[in-house]
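Here's the structure we're looking at; comments come further down.
The values are calculated or read from the model by the stated rules, or taken from the named source; none is laboratory data. A quick note: this is a predicted structure, and the numbers were derived from the prediction, not measured. Methodologically, a virtual Cβ is constructed for each residue, glycine included, from the backbone with ideal geometry; neighbour enumeration extends over all protein chains shown. Calculation scope for accessible area: heavy atoms of the full protein, side chains included, ligands and nucleic acids excluded. Shrake-Rupley method; radii C 1.70, N 1.55, O 1.52, S 1.80 Å.
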Amino acid sequence: METHCKEYDFRQIEPKWQTFWAENNTFRAEQASNRPKYYALDMFPYPSGAGLHLGHCENYGITDIMARYKRAQGFNVLYPIGWDAFGLPTENYAVKTGRHPVDVTKENIATFTRQLKQLGVSYDFSREFSTTDPEYFRWTQWIWLQLFKKGLAYVEDKPVWWCAALGTVLANEEVIDGKSEVGGHPVERRPLRQWVLRITAYADRLLEDLKELDWPDSTKRMQAAWIGRSVGSEVEFDLEGNLTDRLKIFTTRVDTIYGATYMVIAPEHVLAQKLTTPPQQAAVNAYTRAAAGKSDLERTELAKEKTGVFTGSFAINPATGRRIPIWMADYVLASYGTGAIMAVPAHDERDFEFAQKFGLPCPQVIAPAEGTAVELPFCDKGGDVVLMNSADCNGLTPGAATAKLDQRFMAEGRGKSTVQFKLRDWLFSRQRYWGEPFPIAWVSEFDYRNAVASHQLSVPEVPVTAMIEGVLRYALPVPETALPLRLPDVSSYEPTGTGESPLAKITDWLEIWYEPGTGDAVPASEPKPAEHWIRARRETNTMPQWAGSCWYYLRFADPGNSDALASKMALEYWGTPDIYVGGAEHAVLHLLYARFWHKVLFDLGVVPTDEPFTKLFHQGIILGEDGEKMSKSRGNVANPDEIIRSYGADTLRLYLMFLGPLDAMKPWNPRGIEGVHRFLQKIWRECVDTEGQPNAKITPDSEDSTEVVRLLNETIRKVGEDIANLRYNTAISQMMIFANRIQKSEQVSRKTMLTFLQVLAPFAPHICEELWERLGEKQALASALWPVYDAQILKTNESKLVFQVNGKHRGDQLLPNDITQDAALEEAMKHPKVAAQLEGKAIKRVIFVPGKILNLVVG
RNA sequence: GCCCAGGUGGCGGAAUUGGCAGACGCAGUAGACUCAAAAUCUACCGCCGCAAGGCUUGUGGGUUCGAUUCCCACCCUGGGCACCA
């Protein structure tokens, strides 16, 4: 396509170069190369029907500029894109419209792709894939099977949100203030059979390895807090009148045990019924029932006021030998520690509040070493404190007492030092259609044992079992050669009404005759194909959306591979992303889940490193004009399509990067965009005259002034450094300064102009390609190498010395770098403003910082 | 409540091994060009003051010859966590 426009007509220029790049495969990464690699990655987008928003544009702009810069530096750059396309919104839309999710997904991807191309993002589209492609989810299922075989996947009944009116299970984000997001119907917690991944087995490594990562500190801190490691002790308390059981608690402050005056168990504690005495039965039952009806959210919301009930039984404090009452209260969580605590009201705010309400004693056992009286509860945070009222631990520090007591309880066989995590195992199933099916066949124990033995199937050490429709079933893995296990084609995605996935209704898919060695299946309604085929039932749950995004960065290294998730060679060469850019909202879940899978793959020898994302960056949120979050209801949404139509993609990209620091939250100012658009117009006019021909001021043989040469070199240096450090806003300022200077020159050398276009190109690639071509270059700018600045030119032997009197700026002067203090002082005295300040005063002191300041202290 | 990040002109922001506060851009003012307007160009553009000068980086203290930058206390905004024993 030829363009001869005289004006800066981005509507012609941008499509021209987008087509050129696509036709020439300009951004295709070389699969095998001697060049060093650079892998840039954006967080996996969900192709929603709404299309790209400004946040996407900012995100991809940041990475695209980096990718283009690295290409210019000679790196073999992998900069891919794909689609995280399974998930709820598409499924809900399909239910509503009766269309197939596959078709809806295709359409949404087409919209996104068109928009991305209009933005001029330099993706290698030849590597594009979607998590919904059977050739992709084949490997998602394969990885899941490895987790399953390692014993990292198990089945458990877990409470999920159930909406009776909608007849379906809802995700957390679909429940707002205890009502369904759609329709505002009441919801309740209902236990359903779920797959759970044992991420807690990796808790220590996930925490420990955070330290090495080049991530924003706040993100690392959030993950660390989420994992929540705490060191403490387990202690078993004897029970009065019960010699078979003991009550095990976890505490981080075993040193306070002499102050433990009661125990608390969670309502769901396994010993709850046993510990309840007949007179307390009614009260305890009422309390348990009330607690069960509350969601976790309600429990914490209503947590302002402590509630609880006495069980009627007593434990023996192993330190004091005294009997202490056992209470039940929902401020103790069943899911953390052992679900039971020893309460030390004098030194724990929660226990104190509870003890106050129920009139339980509060003996002080910790005091400041100084001996000053304190108010209870006294919760020391590592200050200088010692124990009191603690028998032979009196006078010890908490550390010393903890060591002593741990040892003592260990010797008694009732305790030990231990570690607890806040991190819970990962609920890894959804009762939905539009997700990856689990490659599992539920069979009888007999068939399971037979199949495993006769086909040498690799299975977990402890078989995974579940009660399904009243029958105990065993989870038999589908052979890897039978993957992918596809979703059945169905005509309706309506919920079943029972909480199960719509798959539960597809009887011919669900109930099968199954060949365990090959994974072949036929509907159970048909005759049994051969004697060794067995009756099986498929898993109706599907995987959550996280599954596909847990490993996609590996697939980009070798997306067409049909023998493995990616070849060894590709994984060795491309490794993991050198930069990963996306929103901070994924700080915990996605980034933690992906790290977990990556570590499992590392342990299996599939990947060569143990961390997926070594360098991470979060772009800041673009707020609406009014400084509020952009939202349709506020009517403050800026639409990228419209902006591109009126100003072009180059202007949009440049402006997004110019708004401020990339990681800061910034309001969108629709008038500010004029400024960067004017800047591009100015560049256009400097290069091209009103006839569209090269500007006559650009001459091949003219010499630029030393000032212009220095500014150009300074610009090359600063833009390069600023890109590398993700400070794009100041890089753009520098280019504006340079453009303003060039505009004032009567002549500019062609070389200078071309060099400037090169440094601007990563930010505004279309206009730069066009001008580069108009100035007579034959090779595309996208394949030109980054200019090298001359450090010698940047050195000067004179610099501005600032004169201060009593620390206040009074003047300045250009002086040799090596000027002596005396000579500088002499110059300063000659300066009229300085002289005026010195009038009638004596110089008491002189501070001289060569090349910077000369400060005269006068009295 | 706890943890973190941040408060700089009318606006977005720049400057920190402690050394000219306000780069660059928006908005604004005046002028040039034009029949006129747009576009473009030139100059000005933190506050007070005619000026000299004084004041000024959320507030109040401190360290220093010198503080947007370091220390202490407080206020505000945003984000995260929230009975995790």
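Please work out the Cα center distance from the range A:175-242 to the range A:389-439, rounded to the nearest Å.
Spelled out, the Cα-based centre of one part sits 14 Å from the other.
Could you name the lysines in cross-link range of A:Lys306, using Cα to Cα under 18 Å and dropping any fewer than eight places away on the same chain?
Correct list for A:Lys306: A:Lys294, A:Lys357.
How much length is gained if the chain between A:Asn389 and A:Ala32 is pulled fully straight, taking 0.36 nm per residue apart and subtracting their Cα-Cα distance, in nm to one decimal?
The span from A:Asn389 to A:Ala32 would gain 121.3 nm if fully extended.
Return the FRET efficiency for the residue pair A:Asn669, A:Ala403: r is the Cβ-Cβ distance, R0 is 60 Å, and the value is rounded to the nearest 0.05.
About 0.50, to the nearest 0.05.
Mind jotting down the distance between the C-alpha centroids of the range A:749-764 and the range A:805-858, whole Å?
Spelled out, the Cα-based centre of one part sits 42 Å from the other.
Which lysines does A:Lys96 reach when only Cα atoms under 21 Å apart count, and residues fewer than 8 places away in its own chain are ignored?
A:Lys106, A:Lys179, A:Lys505
Loop only per DSSP, at most 14 neighbouring Cβ atoms within 10 Å: give me the GluC sites (Glu not before Pro) in the range A:764-859, ordered by residue number.
A:Glu839
Quote the charge dipole size of chain A about the Cα centre in Debye, to the nearest 20; the model charges only the Cβ of Lys and Arg (+1) and of Asp and Glu (-1).
The calculated dipole for chain A is roughly 1140 debye.
Can you compute the modelled spin-label distance between A:Lys149 and A:Ile737, with each label point 7 Å from Cα toward Cβ, in nm?
Each label point is offset 7 Å from its Cα along the Cβ direction, giving 6.0 nm.
May I ask you to rank A:Ile326, A:Ile109 by accessible area, largest first, using a 1.4 Å probe over the protein chains only?
Ranked list, largest accessible area first: A:Ile109, A:Ile326.
So what's the Cα pair-distance distribution over the range A:474-581, bin width 10 Å, in %?
Pairs per bin, as whole percents: 12, 31, 28, 20, 8, 1.
Using each residue's phi in the range A:803-814, evaluate 6.51 cos²θ - 1.76 cosθ + 1.60 at θ = phi - 60° and report the 3J(HN,Hα) Karplus result to the nearest Hz, with x for Gly and Pro.
The phi angles translate into 9, 10, 10, 6, x, 9, 5, 10, x, 7, 7, 7 Hz.
How would you classify the range A:229-421 from its alpha-carbon gyration tensor, with a ≥ b ≥ c the square roots of the eigenvalues: rounded for a/c under 1.5, else prolate if a/b is greater than b/c, otherwise oblate?
prolate
Once neighbouring chains are kept in place and the probe is 1.4 Å, which whole percent of the accessible area of the range A:130-275 is contributed by carbon and sulfur?
Roughly 51 percent, rounded to a whole number.
Counting only heavy atoms of the protein chains, get the accessible area per residue of chain A (1.4 Å probe) and round it to a whole Å² value.
Heavy-atom SASA per residue in chain A reads 45 Å².
About its Cα centre, what dipole magnitude does the range A:396-447 give when the only charges are +1 on Lys and Arg Cβ and -1 on Asp and Glu Cβ, stated in debye to the nearest 20?
Here the size comes out at about 440 debye.
Can you pull the three principal axis extents for the Cα set of chain A, in Å, largest first?
Here the spans come out as 100, 89, 50 Å, largest first.
Using each residue's phi in the range A:236-246, evaluate 6.51 cos²θ - 1.76 cosθ + 1.60 at θ = phi - 60° and report the 3J(HN,Hα) Karplus result to the nearest Hz, with x for Gly and Pro.
With coefficients 6.51, -1.76 and 1.60, one gets 9, 9, 5, 10, 5, x, 9, 9, 8, 10, 9 Hz.
Using only DSSP helix segments of four residues or longer, with each worth -39500 (n - 2.57), what per-residue ellipticity at 222 nm results for chain A after dividing by its residue count and rounding to 500?
Helix contribution divided over all residues of chain A: -10500 deg cm²/dmol.
Once you keep just the Cα pairs under 8 angstrom separated by 6 or more residues, what percentage relative contact order results for the range A:229-421?
In percent, rounded to a whole number, it is 30.
Take the Cα of A:Thr418, step 7 Å along the line toward its Cβ, and report every residue of the range A:312-339 whose backbone nitrogen sits under 12 Å from that point.
A:336-339
Could you tell me the relative contact order of the range A:796-858? Use alpha-carbon pairs under 8 Å, at least six residues apart, and round to a whole percent.
42
May I ask you to give the percent of accessible area on the range A:646-793 that is carbon plus sulfur, with a probe radius of 1.4 Å?
Ligands and nucleic acids excluded, carbon and sulfur give 52 percent.
So for the range A:124-235, what percent of the C-alpha to C-alpha distances run longer than 19 Å?
Everything past 19 Å amounts to 71 percent.
Quick query: amide H of A:Leu801 versus all other amide H atoms, modeled in the peptide plane; which residues come in under 5 Å with a sequence gap of 5 or more or a different chain?
Placed amide hydrogens put A:Gln813, A:Leu814, A:Leu815 under 5 Å from A:Leu801.
How high is the FRET efficiency from A:His4 to A:Thr111, r the C-beta distance, R0 22 Å, rounded to 0.05?
0.10
Taking θ = phi - 60°, what integer Hz values does the Karplus form 6.51 cos²θ - 1.76 cosθ + 1.60 yield along the range A:759-772, in sequence order, with x for Gly and Pro?
Whole-Hz 3J(HN,Hα) from phi for the range A:759-772: 6, 7, 4, x, 7, 10, x, 5, 4, 5, 4, 4, 5, 4.
Sorted by mean Cβ packing within 10 Å, highest first, what order do the peptides A:50-60, A:620-630, A:259-269 take?
The densest-packed peptide leads the list: A:259-269, A:50-60, A:620-630.
Expressed as a rounded percentage, what relative contact order does chain A have, with Cα pairs under 8 Å and six or more residues apart?
It comes to 14 percent, rounded to a whole number.
For the range A:1-130, rounded, prolate or oblate, judged on the Cα gyration tensor with a ≥ b ≥ c (square roots of eigenvalues), a/c < 1.5 rounded, else prolate if a/b > b/c?
oblate
What is the set of long-range amide H partners of A:Ala85 at a cut-off below 5 Å, with H atoms built 1.01 Å from backbone N?
A:Thr131, A:Thr132
What order do A:Arg774, A:Arg717 take when sorted by accessible area (1.4 Å probe), most exposed first?
Highest to lowest solvent-accessible surface, that is A:Arg717, A:Arg774.
For the range A:455-517, run through the chymotrypsin sites (Phe, Trp or Tyr not before Pro) and keep only the ones in DSSP coil with at most 14 other Cβ atoms within 10 Å of their Cβ.
Sparse-neighbourhood loop chymotrypsin sites (Phe, Trp or Tyr not before Pro): none present.
With all protein chains present, calculate the accessible area of A:Glu691 using a 1.4 Å probe and round the result to the nearest 10 Å².
Roll a 1.4 Å probe over it and A:Glu691 shows about 110 Å².
How much of the DSSP beta bridge set in the range A:229-421 is antiparallel, as a percent to the nearest 5?
So the antiparallel bridges in the range A:229-421 amount to around 90 percent.
Taking a threshold of 19 Å on the Cα-Cα distance, which of the pairs A:Lys795/A:Lys852; A:Lys751/A:Lys778; A:Lys615/A:Lys666; A:Lys808/A:Lys833; A:Lys248/A:Lys381; A:Lys697/A:Lys751 fall above it?
In this structure, A:Lys615/A:Lys666; A:Lys248/A:Lys381 exceed 19 Å between Cα atoms.
Within straight cross-link reach of A:Lys830, meaning Cα distance under 17 Å, which aspartates and glutamates are found once same-chain residues fewer than 8 apart are removed?
A:Asp812, A:Asp822, A:Glu839
Taking amide H positions as placed in the peptide plane 1.01 Å from N, state which residues far from A:Lys248 in sequence (5 or more) or on other chains have amide H under 5 Å from it.
Amide H to amide H, under 5 Å and 5 or more residues apart or across chains, A:Lys248 pairs with A:Phe237.
R0 = 56 Å: FRET efficiency of A:Thr372 with A:Lys800, Cβ-based, nearest 0.05?
For R0 = 56 Å, the calculated efficiency reads 0.45.
Quick check on the range A:796-858: take the gyration tensor over C-alpha atoms, sort the square-rooted eigenvalues as a ≥ b ≥ c, and tell me if it's rounded (a/c under 1.5), prolate or oblate.
Prolate, since a/c reaches 1.5 and a/b exceeds b/c.
When the accessible area of the range A:796-858 is split by element with a 1.4 Å probe, what percent falls to carbon and sulfur?
51
Contour minus end-to-end for A:Val857 and A:Ser48, with contour as 0.36 nm per residue of separation and end-to-end as the Cα-Cα distance?
Result for the pair: 284.6 nm of gain on full extension.
Report the trypsin sites (Lys or Arg not before Pro) located in the range A:634-715 that are in a DSSP loop and have at most 12 other Cβ atoms inside 10 Å of their Cβ, or state none.
Answer by residue number: A:Arg634, A:Arg671.
Using 0.36 nm times the number of residues separating A:Arg190 and A:Lys744, minus their current alpha carbon distance, what extension gain do you get?
In short, 192.1 nm is gained.
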